[in-house]
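Nothing in this text is a laboratory measurement; each read-out follows from the coordinates by a stated rule. Just so we're clear, the structure is a prediction, and the values are computed from it rather than from any experiment. All Cβ positions, even for glycine, are placed from backbone atoms using ideal geometry, and neighbour counts span all protein chains on display.
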Amino acid sequence: MSRHLPLVVVAGLTIATFAPPDLSACGDKFLLVGRSLRFKQAFASAHPSSIVAYAPAGSRVRDLMKEQGFAALLAFAGHDVRIVDGPEALAKALAGRRVDLVLAELQNGPDLQRGLAQERSRPLLAPIVFNAPKSATASIERQYGCAIRMPARAVEALAAVEEAIKLHDQQTK
């Protein structure tokens, strides 16, 4: 036994030296010190964009953006969000800078879409649909290319905004 001990030790050290350094399973890499997924990274947008919310006084979009905190959620995800309260403020917001997405209530859609078609930055209108069945939302998506269905969980709403931004990017290429 003592005669084979040095051979076993050398074999063990050789295997330990040439073995792969990290054999962590999927996801275990996030558990290592300093490599964790930050809370903000989970909601970070892949395409941070400039968003204008058309929210006239008394509209459900105004309540959604300000009282329910959807504008804060979009800003937390990395978007630049402005809330405007009328046609003049919308025209001023669109004239002053590049805008990728305009969020508005569905009933304001046709009027806004005509005006947005003439804008230089060609923003995409993403109608916000409140309490609509999925079949109605599907027909709105066919008409506008996208729709944001409310109420929704934060992750679902952010995913819908991401899809709208991807559509805008495809249309403006």
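Where a ≥ b ≥ c are the square roots of the eigenvalues of the C-alpha gyration tensor, would you call region 39-171 rounded, which needs a/c under 1.5, or, failing that, prolate if a/b is larger than b/c, or oblate?
Rounded shape, in that the Cα axes give a/c under 1.5.
Give the cross-link partners of K166 among the aspartates and glutamates, using a straight C-alpha distance below 18 Å as the criterion and excluding same-chain residues fewer than 8 apart.
D80, D100, E141, E156
Exactly which trypsin sites (Lys or Arg not before Pro) in region 64-109 are in a DSSP loop and have at most 16 other Cβ atoms within 10 Å?
Here the sparse-neighbourhood loop sites are R97, R98.
Under unit Cβ charges (Lys, Arg +1; Asp, Glu -1), what dipole magnitude, rounded to 20 debye, does region 39-171 have relative to its Cα centre?
Roughly 100 debye, rounded to the nearest 20.
So which GluC sites (Glu not before Pro) in region 57-142 end up in coil per DSSP with only 16 or fewer other C-beta atoms within 10 Å? Let's see the in-between values first.
Working: sites: E67, E88, E105, E119, E141; in loops: E119.
The qualifying sites are E119.
Contour minus end-to-end for K66 and V155, with contour as 0.36 nm per residue of separation and end-to-end as the Cα-Cα distance?
The span from K66 to V155 would gain 30.2 nm if fully extended.
What full-extension length gain, to one decimal in nm, is calculated for T14 and Q143 as 0.36 nm per residue of separation minus the Cα-Cα distance? The partial results should precede the final answer.
Details: separation 129, 0.36 × 129 = 46.44 nm, distance 6.63 nm.
Full extension from T14 to Q143 adds 39.8 nm.
Using Cβ counts within 10 Å as a stand-in for footprinting exposure, how do I15, I148 rank, fewest first?
Ranked by crowding around the Cβ, least crowded first: I15, I148.
Pairs of Cα atoms under 8 Å, at least six residues apart: use those to get the relative contact order of region 54-173, whole percent.
On the way: 137 pairs, mean separation 24.4, N = 120.
That works out to 20 percent.
Among bridges DSSP assigns within region 39-171, what percent are antiparallel (round to 5)?
0
Quickly work out the E162-to-A75 label distance, labels modelled 7 Å from Cα along the C-beta direction, and quote it in nm with one decimal.
2.2
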